[in-house]
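The values are calculated or read from the model by the stated rules, or taken from the named source; none is laboratory data. Since the structure is predicted, the reported quantities are computational estimates derived from the model, not experimental observations. Neighbour counts run over all protein chains shown; Cβ positions are idealised from the backbone, glycine included. When the accessible area is computed, the model is the full protein with side chains, heavy atoms only, and any ligands, DNA or RNA have been set aside. Shrake-Rupley method; radii C 1.70, N 1.55, O 1.52, S 1.80 Å.
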Amino acid sequence: MVNTDTPWSASYEAQMRVLSIQTKLHRWATDDSDRRFDDLYNLVYDPAFLAVAWERVRGNRGARSAGVDGVKPSSIVFGSEILLAGLNEQLKARTFRPLPVRERLIPKANGKLRRLGIATVRDRVVQASLKLVLEPIFEADFKPCSYGFRPNRRAHDAIAEIHQFCSHGYEWVLEGDITACFDEISHFALLHRVRDRIGDKRVVDLVKAFLKAGILSEDGIERDTLTGCPQGGILSPLLSNIALSVLDEHFDEAWRKMGTTSSQRQQRRRKGLATYRLVRYADDFVVLVSGTRVDTESLKEEAAAVLAPMGLRLSEEKTKIAHIDEGFDFLAFRIQRHVKRGSNKRHIYTYPSKKALASIKAKVRAVSKQNTNQPLSKILGQINPKLRGWTNYHKHGAASATFGYLRHFSYWRVLHWLRRKHPRANWKKLRRLYLGNEWWPKEGKVTLFNPAEVPINRYRYRGTSIPKPWSTETITVA
């Protein structure tokens with residue numbers, strides 16, 4: 001397909017080469033939906049692809065975590081050329097074998113544990129390179145209704161689409177949650193979907209090798225992976241989207257059968273028939289229904305039947321049916337219809353969920369419980385990024401009152417910390433040392449972040465204009 005004997009490139013040159021090849025792959029996949037790519041393996045060990053993959057691995061937040069080899073990507077300052085050259089030779093000779101991932105259990109809000117799999121440095125680089133090759137091909141097939149772990153898409157796009165449909169008569173909601181999605185995906189069914197597009201057996205075998213690499217548990221026992229793909233891996237989000245695209249395709253086909261225009265779907269509803277739309281973010285999804293509760297309940301069984309061949313099950317505990325007037329939580333937002341204050345009109349509102357607010361409060365509380373034998377600037381340096389990130393995520397909803405409350409909460413948590421640090425100081429002394437004329441915590445150049453000053457901006461619905469990174473064309477939503 002392309003010449004892969006080029007020397008190791010500078011970062012910019014490597015990125016341009018990878019982008020150029022990705023653009024070709026995406027265009028070919030888009031132009032022919034039945035095309036199977038038979039010569040891709042040489043791209044996986046292409047020097048430019050490995051170089052870009054290494055840059056992404058080293059720049060990732062997980063670069064400070066080590067796999068079973070005990071090596072962190074962030075610790076490799078010199079010798080990356082030797083690492084990449086070795087991977088190039090092993091992949092070319094087909095002697096590369098992935099190692100088991102290191103298991104790490106992370107507590108969830110409900111008290112359960114989330115299992116993460118941390119791969120070795122070399123495995124992460126190969127996974128990243130493999131993703132660079134596969135992503136533009138499968139992105140040509142992915143439907144517009146999915147938003148999680150896809151380029152140029154984010155959670156706010158999913159929330160904006162829900163707001164758009166719920167504002168136009170879609171009042172019933174099926175809240176879907178898949179049980180242990182990353183742990184239960186059928187390898188056989190997933191690889192079958194990969195083979196629909198990838199005819200290069202070497203690439204499919206490499207994907208299978210990562211799926212079957214095994215897990216080294218926290219108690220030191222190595223286990224085989226018979227199902228699922230380790231959550232936390234670079235390749236896992238793409239593979240999960242490939243698996244869950246069965247749900248997207250099913251509901252997208254149903255959506256098209258309901259009519260290609262809004263007037264056709266309205267005519268269907270006048271006949272007493274329901275119309276419905278799927279919005280999915282990773283393994284969380286909602287089905288928005290313009291119909292009745294009975295219509296919505298039937299869709300629950302329909303979704304379960306679609307997922308079953310992939311080895312996946314709907315969670316009975318978390319899969320619920322709700323009316324938009326009752327509201328529901330999705331992606332840390334509460335979405336509910338209210339009567340607008342001062343009028344009789346009802347509008348759809350999105351605002352931070354109680355669970356999301358409790359989460360940021362717990363983080364601020366944990367920092368403000370720390371030992372007082374440290375400067376205030378250090379405490380503020382830990383609190384500020386958490387507040388800034390949380391408010392930036394929620395600033396596109398009706399969050400003004402929540403931000404005001406969070407300002408009050410953070411202010412008093414810091415002041416209580418200062419009172420413990422200086423138990424004999426009165427307010428006059430604390431003001432002189434830390435508060436100033438504004439009565440706002442500050443030390444040196446570090447000031448407590450004020451959530452109430454974050455401007456609220458409605459996120460623009462981009463349903464018909466989300467560009468792919470390899471094309472200037474836009475995606476058209478049916």
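Protein heavy-atom accessible surface, 1.4 Å probe, per residue over the chain: 49 Å². So what does SER343 come to for accessible area, using a 1.4 Å probe and Å² rounded to 10? Counting only protein heavy atoms, SER343 exposes about 40 Å² to solvent. Each label was represented as a point 7 Å from its Cα along the Cα-to-Cβ direction; for LYS92 and GLU55 these points are 2.2 nm apart. Over the stretch 355-420, the Kirkwood radius and the radius of gyration, each from Cα atoms, give a ratio Rg/Rh of 0.98.
In the stretch 362-478, Rg over Rh equals 1.18, where Rg is the alpha-carbon radius of gyration and Rh the Kirkwood radius from pairwise Cα distances. The label point for GLU249 and the one for LYS112, both projected 7 Å from the Cα toward the Cβ, are 2.8 nm apart.
Determine the distance separating the Cα centre of the stretch 345-367 from the Cα centre of the stretch 157-230; give it in Å without decimals. Here the answer is 28 Å between Cα centres.
Here the gap between ARG195 and HIS347, fully extended at 0.36 nm per residue and compared with their Cα-Cα distance, gives a gain of 50.1 nm. Given a 1.4 Å probe and the protein chains as shown, SER359 ends up with an accessible area of around 50 Å². Working note: 222 nm ellipticity from helices only, DSSP H runs with n ≥ 4, each -39,500 (n - 2.57), summed and divided by the residues of the chain, gives -14500 deg cm²/dmol to the nearest 500. Can you pull a Stokes-Einstein diffusion coefficient for the stretch 1-142 at 20 °C (1.002 mPa s), Rh from Kirkwood over Cα pairs, as a whole number of µm²/s? It comes out at roughly 130 µm²/s.
Using a probe of 1.4 Å, the accessible surface attributed to ASP224 totals some 130 Å² when neighbouring protein chains are kept in position. Assuming R0 = 30 Å, can you tell me the calculated FRET efficiency for the pair ARG104 and LYS442, based on Cβ-Cβ distance, to the nearest 0.05? That pair, ARG104 with LYS442, gives E of 0.20. Within the chain, the proportion of C-alpha pairs whose separation exceeds 37 Å stands at 38%. Beta bridges from DSSP with both residues in the chain: antiparallel share about 90 percent, rounded to the nearest 5. Spin-label model, ASP31/ASP177: points 7 Å from Cα along the beta carbon direction are separated by 4.6 nm.
Between LYS363 and TYR12, residue separation times 0.36 nm minus the direct Cα-Cα distance comes to 122.5 nm.
What a 1.4 Å probe finds exposed on the chain is 50% carbon and sulfur by accessible area, rounded to a whole percent. Packing around the peptides 376-382, 394-400, taken as the average count of other Cβ atoms within 10 Å per residue, puts them in this order, highest first: 394-400, 376-382. Any idea what log10 I(q)/I(0) is at q = 0.09, 0.11, 0.13 Å⁻¹ for the stretch 124-271, Debye with uniform C-alpha scatterers and no solvent? For the stretch 124-271 at q = 0.09, 0.11, 0.13 Å⁻¹, log10 I(q)/I(0) is -0.38, -0.54, -0.71.
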